[in-house]
Amino acid sequence: MAGDTENIRIWETGDVYVGDVGTPAPTDVESALDAGWEPLGVLHEDGLTEGYDADETEHWTWNAGLGRKTVNHEVHSKKVIALEDTDLVWQLLHPGSTSEESGGITTRTTKRHVNSRRAFLFEKTDGTVISRKVFPNGEAFQDGEVTSNGQDMAGFPLMVVAYEDENGAYEIEVTNDVAAIPLGS
């Protein structure tokens with residue numbers, strides 16, 4: 001049998017953290033996170049969905065079939081459902097809106113969505129294997145409906161989109177997963 005079942009991952013737990021653009025990304029999987037990372041809170045059991053979308057163009061030759069394929073307009077994203085109705089979650093869903101507290105009463109005023117870039121850290125664990133992926137420059141958008149009823153937990157679906165940095169990078173990952181060791185190392 002080719003392959004190694006020790007390299008199969010079932011990510012048992014995970015967390016999402018939000019910080020300002022420029023919040024230091026972790027450089028290992030064991031050190032405490034920088035104080036600038038704020039936890040998103042309890043997440044839906046569906047976990048994290050990692051997405052990729054792009055416009056692909058096939059360039060056909062006259063006499064030799066497919067000559068090349070190019071990729072344009074890449075979008076790297078991650079989707080998660082936050083279960084806590086915290087101010088952080090609300091601000092991610094409604095950037096540019098305001099919330100105020102007075103005498104134990106919070107008033108939230110929803111306004112038009114404005115650009116609100118942040119850094120996002122996605123941490124997953126499978127036993128002792130840990131993966132920390134960071135979008136150093138990203139933005140969250142509401143990704144679906146919020147349902148409120150007497151039978152289901154209310155969830156706040158978020159899609160986080162990564163913007164590329166000056167080096168063309170969308171994401172940085174640090175992991176202790178032996179399966180991720182570069183070939184030839």
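The values are calculated or read from the model by the stated rules, or taken from the named source; none is laboratory data. Just so we're clear, the structure is a prediction, and the values are computed from it rather than from any experiment. We place every Cβ from the backbone using ideal geometry, glycine too, and count neighbours over all the protein chains shown. Surface accessibility is based on the protein's heavy atoms, side chains included, excluding ligands, DNA and RNA. Shrake-Rupley method; radii C 1.70, N 1.55, O 1.52, S 1.80 Å.
One table, with the values for the structure above:
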read-out	value
Sole residue being touching a Leu at 6+ places or on another chain (Cβ under 9 Å), at pLDDT 95 or above and under 30 Å from Arg9 (Cα atoms), chosen from Val160, Val129	Val160
Count of the range 73-108 residues which are β-branched (Val, Ile, Thr) and either open to solvent by less than 40 Å² (accessible area, probe 1.4 Å) or farther than 26 Å from Thr147 by Cα (or both)	3
Members of the range 114-126 found to be under 30 Å from Asp28 (Cα atoms) and either in a loop (DSSP other than H, G, I, E, B) or modelled with pLDDT under 95 (or both), listed by number	Ser116, Arg117
So Thr70, is it surrounded by 10 or more Cβ atoms within 10 Å (Cβ to Cβ) and among the hydroxyl-bearing types (Ser, Thr, Tyr)	yes
Residue list for the range 75-113, filter: assigned to a strand (DSSP E or B) and without any contact (Cβ under 8 Å) to a residue 24 or more places away in the chain	Thr98, Ser99, Glu100, Glu101, Ser102, Ile105, Thr106, Thr107, Arg108, Thr109
Unmet requirement for Asn63, which otherwise passes all of (1) modelled with pLDDT under 95; (2) closer than 30 Å to Glu173 by Cβ; (3) not in a strand (DSSP E or B)	(2)
Selection from the range 1-60 of residues that are under 18 Å from the mean Cα position of the chain (by Cα), over 20 Å from Ala82 (Cβ atoms) and either basic (Lys, Arg) or part of a strand (DSSP E or B) (or both)	Tyr52, Asp53, Ala54
Subset tally (residues that are surrounded by 19 or more Cβ atoms within 10 Å (Cβ to Cβ) and either out of contact with any strand residue (DSSP E or B) (no Cβ under 8 Å at 6 or more places or on another chain) or assigned to a loop (DSSP other than H, G, I, E, B) (or both)) for the range 129-159	1
Residues being over 11 Å from Phe120 (Cα atoms) and open to solvent by 70 Å² or more (accessible area, probe 1.4 Å) - total across the range 11-23	3
Condition met for Lys111 (open to solvent by 60 Å² or more (accessible area, probe 1.4 Å) and within 15 Å of the chain's Cα centre (by Cα))	no
Options His76, His94; residue that is within 21 Å of the chain's Cα centre (by Cα) and under 17 Å from Pro157 (Cβ atoms)	His94
Check on Ser116, without any contact (Cβ under 8 Å) to a residue 60 or more places away in the chain, in contact with a helix residue (DSSP H, G or I) (Cβ under 8 Å, 6 or more places away or on another chain) and under 20 Å from Asp85 (Cα atoms)	yes
Only listed residue being buried (at least 17 other Cβ atoms within 10 Å of the Cβ) and among the small types (Gly, Ala, Ser), chosen from Ala119, Ala35	Ala119
